[in-house]
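Down below is the structure, laid out as structure tokens.
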Amino acid sequence: MTEEANPDVLLQAMRDANETLYELVQLELPNFTEKDFYAAFILPTRDSGTPSSLQLRDDFLANQDTMSMTEGRLSVIRIGCAYIGEAITYRLRDRRDQAWKCVAESNYWLGIVLSTYYMTVPQQRLHADVSRKGALGKLAKDPKQAEKSFIKQCWDDWQDGKTHYKKGKAGFARDMLAKVEHLESQKTIEDWCRDWEREKQILAGTSSILPAD
């Protein structure tokens, strides 16, 4: 089957979100070029992981009451862009489940900022939830992928020192098997741990913002 007959739906979803986010930036910053947009909103997170989507989200939630409308919109747009930067990284590492989740979260924040132009608060929440659920629905069809995402979050907590496992990867993997329903292989989870360790050491170094098909 040719590439045209089997398009990369994930890549197209990333491009669509990226295009809309740039259009929204232009509404607030008319003189912002596409190059400016990539340099300020996409590349930092894609290349170094900083600022992360969660860092930007927490900053926005802590300071939103003191922001002007323009500041608030740009902050929300920046969150959505960070998720796209993270999605690019995950896609390059063949972590498509995590990439889809990032696209879903980007669409959620995209829905929030879009709604500020023409919706009431209840409508904003509904619009944003629908945007996110559209992408999450694809992921939800595979329970093993959902469980892998859960295990990745637990692994992140372990690496951050929030949890401890005396027997390293083996102990972590055994604990995870007791918490999920569909995964059965301890070795698979240990292999994921090794993959995630390698990923932490690798920057998403690639010349293009959104790679070609």
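Only the coordinates and a few stated rules stand behind these numbers; no lab work does. Quick caveat, the model's predicted, so the values are computed rather than measured. FYI the Cβ positions are ideal-geometry reconstructions off the backbone, even for glycines, and counts take in every protein chain you see.
Structural remarks
- With Cα atoms as the point set, the radius of gyration and Dmax of the range 143-200 evaluate to 10.4, 29 Å.
- In this structure, the amide hydrogen of T163, modeled 1.01 Å from its nitrogen in the peptide plane, lies closer than 5 angstrom to those of W158, counting only residues at least 5 positions away or on a different chain.
- Fully extending the segment from L27 to V9, taken as 0.36 nm per residue of separation minus the present Cα-Cα distance, adds 3.7 nm.
- Over 25 Å (Cα to Cα) - which of K148/K187; K101/K166; K162/K187 fall in this group: K101/K166
- Charge context of L29, other residues only, Cβ under 11 angstrom, K/R +1, D/E -1: -1
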